[in-house]
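A short write-up of the structure that comes next.
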Amino acid sequence: MAARTVHEVGVGELPGAVEALLDGGARLGLVAAHHDGEGAVGGRAVRVVYLFLAGPPDLRTELHVRLDADRPRLPSLAELSFPAGRFEREMHDLHGVEVPDHPLPRRLVRHFHWPRGWYPLRPDAGPPPPFGEPEGPYPFLRVEGDGVYEIPVGPVHAGLIEPGHFRFSVVGETIIKLKARLWFVHKGVEKLFQGRDVAGGLRLAERISGDTAVGHALAYCLAVEEATGTDVPEAARQARALLLELERVHNHVADLGALCNDVGHAILNAHAQRVREELLRLNQLTTGHRLLRGGVLPGGAALRALPDPARTAALRADIREIAQLALGHTTVRDRFTGTARLPEQAARDLGCLGYVARASGLTADARIAHPFLAEGSAPPAVPVHTAGDVLARFLVRAEEIEVSLGLIDRLAASLGAPGTYAVPLAGGSGSGVGVVEGWRGAIATRLEFSPDGTLARVKPVDPSFFNWPALPVALKATIVPDFPLANKSFNLSYAGNDL
Amino acid sequence: MNPAASALLLTAPPAVPLAAAALHAVAWRRAARGARVPGPAQWAGLLGPAAIVGCAAALASYVPGHGPVTAYGRLLRADGLSVWMLLVTGAVALLALAASPGYLAGERAAGHTDAAGTHRYYTLVHAFLAAMCVALLAANLGVVWVAIEATTIVTAFLVGHRTTRASVEAAWKYVVICSAGIALAFLGTVLIYYAARQAGISEASALDWPTLAAHAGRLDPAVTRLGTALVVLGFGAKAGLVPLHAWLPDAHSQAPAPVSALMSGVLLAVSFTALLRYKAVADTALGAGYTRGLLATVALVTLALSAVLLLAQRDYKRMLAYSSMEHMSVIALGAAIGGPVAMPAALLHVAGHGLAKTVAFCSAGHILRLRETTRVGRVRGLLAQSPALGAVFGLAVVALLGLPPFSLFASEVGIVRGGFTGGLGWAVSLALALVLFAFAALGYRTGRMVLGPPVAAAGPPQALGVTSAVPLVAGLLACAALGTALGPLSHLLTAAATTVGGR
Amino acid sequence: MSHGVYAQLLDLACGVFLLCAVVVLWRRELAVVVRVLAVQGAALAAIAAVLGGHERRWGLLVVAAGVGVLRAGVLPYLLRRALDVGAVGGGPYREDVSEGRETRPVVNVAASLVVAALLVLLAYAVARPLVALDPTPATRALPVGLSVVLIGFFALVARRRALAQVVGFLVLDNGITATAFLAASGVPPIVELGVSFDVLLAVLVLYVLTARMRAAFGGTDLDDLRELSDR
Amino acid sequence: MSATGYVAVAAQVAVVAGGAPLLTGWMRQVRARLEGRAGAGVVQPWRDARKLLRKEPVSPTGTGPAFRLAPLLLVAGTAVVAALVPLAATRTPVSGSADLILVVALLALGTVALALAGLDTGTAFGGMGASREMTIAALVEPTILLAVFAVSIPAGSTNLPAIVAGTIDHPARTASPAELLAVAALVVAVLAETGRIPVDNPATHLELTMVHEAMVLEYAGPDLALVELGSQMRLAVLLGLVATLAAPWGVATGGSPALLALALALLVAKVAVLGTALAAAEVFRAKVRLFKVPELLAGSFVLALLAVVGSYFLTGEAGR
C-alpha cells in the first residue's frame, strides 16, 4: 500500500500548492472538512483536507489547511479544478465554510427550504431546527429565445428509480440545456458515521449505495486498515478483489439489459436480467448475500464458496451473446451510436471517473493506479473507447465484463478454497484513506479515529459525485426522447451522490 | 472486293492489337516473376496501329467508290464513316504508341513503374485500341455499345495507374460516371430496339445499323424520340458533353500522357461516332429538327462550360482536357448543323483535333517530367529551357486554337459556313463568341508557359530526345498537311459524311 | 400458362422488382441493401423466365438462368466480399460499423423516398408512349423498368459510400435489363452476353478500386474524394 | 334491408368493444410468454378498466371541456368506425355510408381529440406528446388513405363494403402487387397509428420517450378507462380492417345468421392471429429514434403510392 504524504499549508499557499499537484498529473480525489476541538494537535480550528491521487505509481498527497474555527473562509479553487468547486459548495452547505470568491456560490446540497444558518456537520449543529424559513428563492437559469420551452421532470419519476429533478430547456425536440438538481435523498451519512465503532461503520458503508456494497465497504476497510496500521494477508486481498469484480459484473449486466430496454428491445433486457439473477444467486452462494454484503471485513474478507469456472464460462457466453445481439440489431445500434456524446476534453475537465471516463478516451482505473493486490494481479487490459457516446459506454461495459470474469476465474483459482481470511485490526488510531475502483469508478474514503477508537469523521466519495455534471454536458444537442437512454448509459447513483 | 480480303481487312484492326495485348499479358505475368522488358517489344507495339492504318488505307481506296464492305455475315461492316474514324484512330494510336517508350522510360527512371507495370500498360492500351476498333467496325448497335463500355473498363486502370489518392479518385469517377452514363445509352438502344421490333424488323437485324437506317421511317416517333434523347445523354457522357462530363478533366489529368492523348484524341470521337449513327436513324424517323436541337443545345452548353472553366484553369493537363470538351462541342455543333459543308468539316475536325491533342498531351507529359508540376504558373520559360519541347507544345496549342495552317482552321471555317447557310446562324455566332473566350484563355496560359524567362526552380536546359521528338513533329506535320490539302482523303471524307446524313 | 396466371406472375415479379429498388433507398445497412439487390436480381430472372415460359422461347429461359446467376449470385457475392473486407475491429465486439452503413446520405432517407415516389410518377408519364405502342401485360409494366432505372440513378447520385454507389449502378442496370425484357423480350443474346460481361467487369473494376480507395483514403466515404477540382 | 343487417352492425360493435381489451391482453400475454414472463393474463385489461371505473374522476385544474370530451369522442368515433367497416358483413344498413374517406376521417378525429386534450392540460408532457402525435398522424393519415385507395381501384369505388365484396368475388386480387404493397403500407401505418414498436413503445414508463402515453398522462379514473378502451378499440378496428382487406374470406356477403356467426368467429380468429404476429414481432424489434420515424413513415407512404401507381400501370387486368 502506498504511503500517504501530508503537507500542512497555509490558506495563502493553498492555490499554488494545488496548482502544482494538478499540473503534476494528480487528480482531486476528495475534500473533507474537520472541526478540530481544543484537544486536537493544532488546537481548535476547521481543518480542510484535500486528497490528491495519482497513479501508477500510486501517489497520495494530502494538503491540510487550518481555518478559523468561528469564521472559516477558503479561497476558491474552482478555477483550477471543477470538482474542487463542487466540493467547496458542499462544504459550504454542510460545514458553513465560506468561499467568498466562488464563481457559482449557489446551494448544492441543501435545498432552498432548509433553514438559514444551520450547518448539519458542525459539532454544535444540534438537531435540525424546523424547516420553513427558506434562505431565499433558488431559481433555475431560464433559457430564453424563440420556441424554447421547459420540461420539468421529477423528482418523482415513473418507474422505480431514485429521486432527482431535471429541468430541460428544449427547442423542438432538441435539448439546449439540462439542469439536474439532486440531493433529494440527503440522509446525513457522514454524520451517521460519527461515533460508531469500526463494525458499525462497515454496516453503514455497505449501505451508502446499495448496488456498490463491496466498493464502499472495501474503501472503508482499506481506510480503517491504513489508520490502524493493519497488514491484510494476500489471500484476503484476493478475496476482496474477487468480490469487487463480482459486483462489477452483475451491475454491468443489468445496465446492458436496461440500455436495450430503453430502446424498446425488451427481450434482450429479459435475458440480461435473467443472467443478472444468476449472478445474484452466485453472489448469494459466495457471501451469503445477493448484493455481496458481509464479504468484506475490516482486516480481511470472508467467502463461503468460490465461483465455479464452468459457471462463469457459461455466464460469459450468455452475456457475450446478449451484447452481440444488441450490437447486431441495426435499430439498437443506430440508437446507441452518436447519442449523448461526451467529448474527451469535457470528461477530463469535469474529472469523470469509471466507464464514463473510459468511454470518452480516458484510461483512469484505480485497479491499476491504486492497486491493493500484489504486483501482477491488476486487470490485463482496461477497455477504452473514444467515441464518448452511448455505444461507447455500452461497449466499455460489455468488454469490462469479459475482463472481470477472467479476473474472477484467475483469483478463484489462486485462492483455491473458500474461507475467512481475516486478521484482527492492529491498535493504531490515526487517519486512513482507501481508494477502490468500484463498478462505477474510483471510490475514495477518508476517515479519522477519535482517541477512544470510535470513528470521528468518515468522508466517502462516490464516483457519481464527479460524473453527474457530465450528464448535462453530454446531453447538449441530444433529443428529448433519447434522454432516458443517455441517463441509463451513465447510470449514476443518486444515493451515493446525495449521502 | 472478295470475301476473304474484306474479312481480313475488317478483322485485322481489332485482332492485331488484341493479339499484342495477349502477348503483353503473358509477358506481364512473367515480368511479375522478375523478367525484364526487351527494348524491341515496345516498338513492336507500333504493329497494331500500323495494321489499323494499313487496313484503313486499303479500305479507304475501296469504300468511297464501291460502298460498304462487310464480313462474318454482316457482323462487321466498314462504311465511309468507319474507315475515316479507323484512319484517325490508327494515326493517333501510331503517335501515342510511338511516344510511349519514351514516356515509360521516364516513368521507370522515376521509379513510378517497373517491367510488370510496362507490360500492364501495353496490355491495356492494346486492348483499348481493339475495343475502339470493334466499336467502329461493328454493325450491330448493341455490340457497338458493348465495345464502348469495354473501353471504359480497360482504361479504368490506366487512369488509376498510380495508387495515389488523386489517381484512385479519378478512376472511380471515371468508371462510375461513364458506366452509368453509357448505361442510359443502352436504355436508349433498348427503346430503339423495341421500336424496331414493333416496326416489324426481325430480332436478328433490329439492332443492325444498315437495316435500322434503311427502315428508320417505320419507327414509332415517340419511342424513338425518347430513345434518341437517352442515347445523346449516354454517349454524350463518354464524348465529354454535358451533363455527364465531370469525369473528363479528372481522368485526362491523371492518365499517362499517351493514354490521355488516345482518350482525348479518339475515344471521345469514337463515342461521338456511335452517337452519329443513332442520329442518322433518328433524323429519318423524326426529321432533322429533333437531333439538331438536342445536339446544338448540348454543344452550346458544353462550350460555355468549358470556356468558363478554361478561363479559371491553373493546371495545364486539365486545361487540355477542357480544350477537348471545347472541341467536342464544336464537333457536336457541326454534326447538329449537318449537311454537305458542316458534316465533313466536323469529321475533319475530329481528325485535326485528334492529331493536335495527341501532340499536346504527349508534350505535356514531357513537361510534367521536366518540371514535376502541373501548375501553369510554375512552368514559365519552357522555350528557354527546352526549345524543342516548348516549340512543339506551343505549336500544338496554336493548332488547337484553330489557327492556319493547321486543319482545325479549315474545319472550323467549314462548320461556321455550314451553320450560316444551314439555318443555325444564331448558334454558330454564339459558339464563335464562346470559342473566342476559350481561345483567349488557352492562348494566354500557354503563352505564360512557353515564353518568358524560366522560373528559378526549372533546372538546367534539356534537349528533347530524337525518339520523343519524331512522333510529336510527325503529328504536327500531319495536322498541318490535312489543313493544306486533303488530297485523296477528300473522297473518303465525303463518303463518311454521306453515311450519316451529310448530304 | 394461361393468360391470367401469366399476367399475375409477371405483375408479381415486377412488383417485387420495383419494391426492391425502393428498399435500397430505404435501408441504410449496406449488408441488407446487398441482400435486397440479390432479391431484385432474382425478380429480374423471374421476369425473364415468365416471359420465356409464356412465349415458349426456351432460349429466353437460358438467358433468365444466366441473369439469375449473375445478378442474384455473383454480383451480390462480390459486393458482400467487398463489404466484409471493409469490416474492422477485433475482439468479440465490433466498434466501428460506419463502413457498413450509409450514415449520412447526401439526401436524407425520408426525402429520398419522396423523390423515389416522384420518380415513379415521372417514369409512368415518360413510359406512356411506350405502352401506347403495343399494350400487352409486359409493356404495361414498362414504367416499372424505367422507375427502377431512375431510382438507381438517384441512388448513385445520393449516396456517399462507394459500395452504395455500386449498388445504385447495379439497380440502374437491372432496370435497363428489365426494360429490355419487358419491351422486347430482351436484346439479342450476343448483346445480352456482352452487356452482362461488361457489367461484371465494371463491378470487378469498382471492387478493386474500392480496395485501393480504402488503402489511399482509409475509408470509402466518397466525400473524401476532394483531391481533384478546378481550384 | 334484413334484420340480420342490424344484428351484424350491433355484433360488430359489440365484438370490437368487448374484444378489444382482450386483444390487448392477449398481445401482452404473448409478449410476456416470449420474454419468459408469466404475464398478467388475457383479461387483465378488463380488470384494469373495472378498477379505474371505480375510482373517483379527477381532472387537472385549468382543463376545459376538450379534456373531458376527448375520451368520449375517441370511444364514440371508434365505435362508429367499428359499425361502418365491413368486419363481419358487407350488407348492413350503414354499408352505404361506409366510405373509406369517412372512416379515415373518424379515426383522425379521435387522434386530434386526444391531442387537443393533451394540449388542454397545459403541461409540458401533454404538449410534447400532442406535438409528436400530430407529427406522426400527419404522415400516417395520408398513407392509410392512399393504401386503401389503392385497394379500391380494382373495385372502382371507395365504399369499403364494395371493395371487400369485390375482393371476395375475385380472390386473385389479393395476390396482385398493388394489393400486397398496399397491405404492407397499411401495416406500417397501423403500427404508427396505434403507437406500437418501432414508432412508440406501449410498455414504457419513461415520460420523455412516450408519444401516446404522454398525451394521456393526466387522465385518471373513469376517463383513463375510456381512453384506454378507445385506444384498444382503435387497435382492434385497424387490425380488423387489415385482416378484412388482406384476407376477406369469411366476411358474410349474404344475410344468413349462421354465416354471420361464422364471420364473427373468423374475424376474431383473424385479428387474434394478426395480434399474435404483431406482438411476436415487437419482441424482436427495437424502437427507432424519434427523428427516424418520418423515414419509416415516408417509406410506407411510398409503398402506398407505389400501390396506387402499380394498380394503374401493371396490367390492371389481373384482378379485373
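Here are the numbers for the structure shown:
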item	result
Zone of residue C:121's modelled label, taken as backbone nitrogen in the range D:286-308 under 13 Å from a point 7 Å along Cα→Cβ	D:302, D:305-306, D:308
Rounded FRET efficiency, nearest 0.05, which uses the C-beta distance separating residue D:277 from residue C:55 and R0 of 41 Å	0.55
Sequence-distant residues sharing a close amide H with residue C:161 (under 5 Å, placed H)	C:222
Per residue accessible area in Å² of the protein assembly as shown, where ligands, DNA and RNA are left out and the probe is 1.4 Å	34 Å²
Candidates D:202, D:21, D:161, ranked by Gaussian network fluctuation over chain D, Cα under 10 Å, top entry	D:202
Between helix B:80-109 and chain B: long-axis angle, C-alpha atoms, 0 to 90°, nearest 10	20 degrees
Fraction of accessible area attributable to carbon and sulfur, the range A:423-499 (%, probe 1.4 Å)	58 percent
J(HN,Hα) series, the range B:48-61, from Karplus relation 6.51 cos²θ - 1.76 cosθ + 1.60, nearest Hz, glycine and proline x	x, x, 4, 4, 4, 5, x, 4, 4, 5, 4, 5, 5, 6
The range A:51-116-the range B:250-320 distance, computed between alpha-carbon centres (Å)	76 Å
Estimated inter-spin distance, residue A:70 and residue C:128, nm [label 7 Å along Cα→Cβ]	9.9 nm
Alpha-carbon centroid distance for the pair the range A:309-380 / the range D:121-157, whole angstrom	42 Å
Selected from C:209, C:172, C:163 as most flexible by GNM, with chain C as the system and alpha-carbon contacts under 10 Å	C:209
Cα centroid separation - the range C:63-87 against the range B:39-93, whole Å	39 Å
Estimated dipole of the range C:103-217 in Debye, rounded to 20 [Cβ of Lys and Arg +1, of Asp and Glu -1, Cα centre]	580 debye
Test item: Cα-centred dipole of the range A:189-467, Lys/Arg +1 and Asp/Glu -1 on Cβ, debye	440 debye
For chain A: rounded, prolate or oblate by the Cα gyration tensor [a/c cutoff 1.5]	oblate
Residues with amide H under 5 Å from that of residue A:422, placed H, sequence gap 5 or more	A:301
Dipole magnitude of the range B:313-503, debye to nearest 20 (Cβ charges: Lys/Arg +1, Asp/Glu -1, about Cα centre)	480 debye
Derived scalar couplings ³J(HN,Hα) [the range A:181-192; Karplus, 6.51 cos²θ - 1.76 cosθ + 1.60; whole Hz; x for Gly, Pro]	10, 10, 6, 6, 10, 5, 10, x, 4, 4, 5, 5
Residue C:227 versus residue A:450: modelled label distance in nm, points set 7 Å from Cα along the beta carbon direction	7.8 nm
Choice from D:58, D:199, D:164 showing the highest fluctuation, given a GNM over chain D with Cα pairs closer than 10 Å	D:58
Test item: B:171-179 mean partner chain Cβ contacts at 10 Å	6
HN-Hα J in Hz across the range D:120-130 - Karplus 6.51, -1.76, 1.60, θ = phi - 60°, x for Gly and Pro	4, 5, x, 8, 5, 5, x, x, 4, x, 4
Summed side-chain charge close to residue B:172 - residues other than residue B:172 whose Cβ falls under 10 Å, Lys, Arg +1, Asp, Glu -1	0
Around residue D:164: net Lys/Arg minus Asp/Glu count, Cβ-Cβ under 12 Å	+1
Of D:136, D:104, D:119, farthest towards positive along the dipole that unit charges on Lys, Arg, Asp, Glu beta carbons give the range D:56-215	D:104
Listed residues A:471, A:306, A:415: farthest to the positive end of the dipole of chain A (Cβ charges)	A:306
Accessible area buried between chains A and D, both sides summed, probe 1.4 Å, in Å² to nearest 100	2300 Å²
For residue A:457, distant residues with modelled amide H under 5 Å away	A:448
Pairs of alpha carbons in the range A:189-467 whose separation is greater than 23 Å (percent)	53 percent
Positive minus negative residues near residue D:281 (Lys, Arg vs Asp, Glu; Cβ under 11 Å)	+2
Stokes-Einstein diffusion coefficient of the protein assembly as shown, Kirkwood radius over Cα pairs, 4 °C, 1.567 mPa s, in µm²/s	34 µm²/s
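The values are calculated or read from the model by the stated rules, or taken from the named source; none is laboratory data. Bear in mind the structure is a predicted one, so any value in this text is a computation, not a measurement. Note that we place each Cβ from the backbone using ideal geometry, even for glycine, and neighbour counts take in every protein chain shown. Quick note on the areas: whole protein, heavy atoms, side chains included, nothing else; ligands and nucleic acids left out. Shrake-Rupley method; radii C 1.70, N 1.55, O 1.52, S 1.80 Å.
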